[in-house]
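Here the structure comes first, spelled out in structure tokens, and everything after it is commentary.
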Amino acid sequence: MNLYQGYYSYDSPDNVQVAEVSLKNDKIEIHLRDAHGNPRVVHWYWYNVMEGKHTAAGMELHHIGLPQQTLRVSSGEFAALAEKKLRKKKRAFPTAAAVFLTAGAVVTGLLALVYFWLVPFLAGRLANTMPVEYEVKMGNEAYGQLIKEYKILPEKTELVNTFFKQLDIQTKYPVQITVVEEKQVNAFAVPGGHIVVFSGLLDKMRRPEELAALLAHEYSHVELRHTTRSLMQSLGTYMAVSLIFGDLTGVSAVLVENASSLKNLEYSRSLEKEADLNGLRLLEARHINPEGYIWLFGTLKTEGGGAPSEWLSSHPDMDNRIGYVKKEMKPARGETMPAAMQATWKQIRAEY
């Protein structure tokens with residue numbers, strides 16, 4: 001595997017990190033280190049990559065959608081390989097868009113502006129108008145496709161679902177948690193109510209408050225429609241046009257086809273903060289020690305193991321998040337985890 005040296009920026013041109021980059025058949029892997037030296041990997045799938053400007057020594061690439069992400073690599077070999085991959089991408093542009101793309105340099109510039117800014121904005125807005133029933137149906141179809149990649153652990157799945165039900169969260173979504181056998185440290189939400197937790201992450205936790213914080217966080221992404229909105233934005237033009245013209249069948253088909261991208265879906269800083277603080281309020285309303293968030297973040301940072309943490313990869317700026325969670329946290333009042341949840345947690349831990 002050839003590694004290329006490059007620079008990765010996230011959310012802002014000023015937020016630049018040194019990176020090692022490798023090219024795969026279906027994606028680009030961007031290998032980074034957090035502030036504490038822990039490894040993490042950002043995955044860019046080719047269907048979400050757009051070519052940027054070229055230099056004498058290399059090229060610049062962009063990730064479609066929000067937050068802004070840019071990769072710069074000074075390597076002629078990398079540029080040649082990346083161009084070859086990008087030429088093979090199959091795009092399904094609507095006829096109207098194809099007409100505009102032939103209109104010359106000025107129109108091309110306007111389309112680029114629409115593609116990078118207006119389309120993600122409209123996709124996110126329109127996703128919020130989607131009926132819950134359809135969002136659930138769409139999520140079930142995507143989950144059915146995605147879960148084929150994993151081995152489900154039935155006993156742990158049942159126990160973690162019991163733990164979530166004991167949180168007694170009233171919701172319009174049929175929340176269903178699935179624990180799968182996977183050493184990577186990861187968890188992610190699917191539109192409409194599914195949450196997938198990797199056994200590698202469950203194994204690292206030492207307190208029930210950590211699991212409560214994780215589930216409250218991922219549930220918040222579902223309840224606040226972050227997963228649906230971010231997915232619409234990341235899948236770009238076709239998804240937005242389907243929404244604009246009311247083609248929900250087309251939306252579902254695109255989502256199912258790209259279901260694997262859910263496990264690496266990245267949220268903007270504002271959505272991540274909203275999910276953190278909503279989860280924090282859920283814990284505090286149930287008199288569960290909100291330090292669970294801090295303990296969870298600490299576990300992820302210090303005990304991620306040899307393999308990069310996918311959860312850390314798709315949830316960046318951990319130190320910043322610890323800071324604002326601590327700032328918003330109410331003073332401790334001697335909260336104790338409910339006895340029933342403690343008992344369920346002991347059963348979960350007994351599995352290891």
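Considering region 40-56 alone, what residues qualify as being open to solvent by 20 Å² or more (accessible area, probe 1.4 Å), part of a strand (DSSP E or B) and among the hydrophobic types (A, V, I, L, M, F, W, C)?
Hit for region 40-56 is Met50, nothing else.
Does Gly52 count as more than 20 Å from the chain's Cα centre (by Cα) and in contact (Cβ under 8 Å) with a residue 12 or more places away in the chain?
Yes.
Looking at region 240-262, is at least one residue part of a helix (DSSP H, G or I), of a type in the set (D, E, K, R) and at pLDDT 70 or above? Steps first, answer last, please.
Step one: filter region 240-262 for residues part of a helix (DSSP H, G or I), giving 240-244, 248-257, 259-262.
Within this subset, residues satisfying the condition of being of a type in the set (D, E, K, R) are 257.
Checking the rest, the ones that are also at pLDDT 70 or above come to none.
No, there is no match, as no residue in region 240-262 is part of a helix (DSSP H, G or I), of a type in the set (D, E, K, R) and at pLDDT 70 or above.
Go through region 193-224 residue by residue and tally those that are assigned to a helix (DSSP H, G or I), charged (D, E, K, R) and closer than 19 Å to Ala343 by Cβ.
Of the residues in that region, 2 qualify.
Scanning for something open to solvent by less than 20 Å² (accessible area, probe 1.4 Å) and not in a loop (DSSP other than H, G, I, E, B), does region 166-177 turn up at least one residue?
Checking region 166-177: at least one residue is open to solvent by less than 20 Å² (accessible area, probe 1.4 Å) and not in a loop (DSSP other than H, G, I, E, B).
To keep it simple, each residue is scored yes or no on (1) at pLDDT 80 or above; (2) in a helix (DSSP H, G or I).
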site	(1), (2)
Lys301	no, yes
Gly305	no, no
Pro308	no, no
Gly323	yes, yes
Lys326	yes, yes
Lys330	yes, no
Glu335	no, no
Ala343	yes, yes
Lys346	yes, yes
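If a residue has to be free of Cβ contacts under 8 Å to residues at least 24 places away in the same chain and either surrounded by 21 or more Cβ atoms within 10 Å (Cβ to Cβ) or touching a strand residue (DSSP E or B) at 6+ places or on another chain (Cβ under 6 Å) (or both) to count, how many in region 267-285 make the cut? Step through it out loud before you land on a result.
Keep residues of region 267-285 that are free of Cβ contacts under 8 Å to residues at least 24 places away in the same chain, which gives 270, 281, 285.
If we keep only those that are either surrounded by 21 or more Cβ atoms within 10 Å (Cβ to Cβ) or touching a strand residue (DSSP E or B) at 6+ places or on another chain (Cβ under 6 Å) (or both) as well, we get none.
Number satisfying all stated conditions: 0.
Scanning for something without any contact (Cβ under 8 Å) to a residue 60 or more places away in the chain and farther than 23 Å from Ser268 by Cβ, does region 66-74 turn up at least one residue?
Residues of region 66-74 without any contact (Cβ under 8 Å) to a residue 60 or more places away in the chain: 68.
If we keep only those that are farther than 23 Å from Ser268 by Cβ too, we end up with none.
Checked region 66-74: no residue is without any contact (Cβ under 8 Å) to a residue 60 or more places away in the chain and farther than 23 Å from Ser268 by Cβ.
The values are calculated or read from the model by the stated rules, or taken from the named source; none is laboratory data. All values derive from a computational prediction rather than experimental measurement. Virtual Cβ from ideal backbone geometry, glycine too; neighbours counted across all protein chains shown. Heads up: the accessible areas ignore ligands, DNA and RNA and are worked out on the full protein's heavy atoms, side chains in. Shrake-Rupley method; radii C 1.70, N 1.55, O 1.52, S 1.80 Å.
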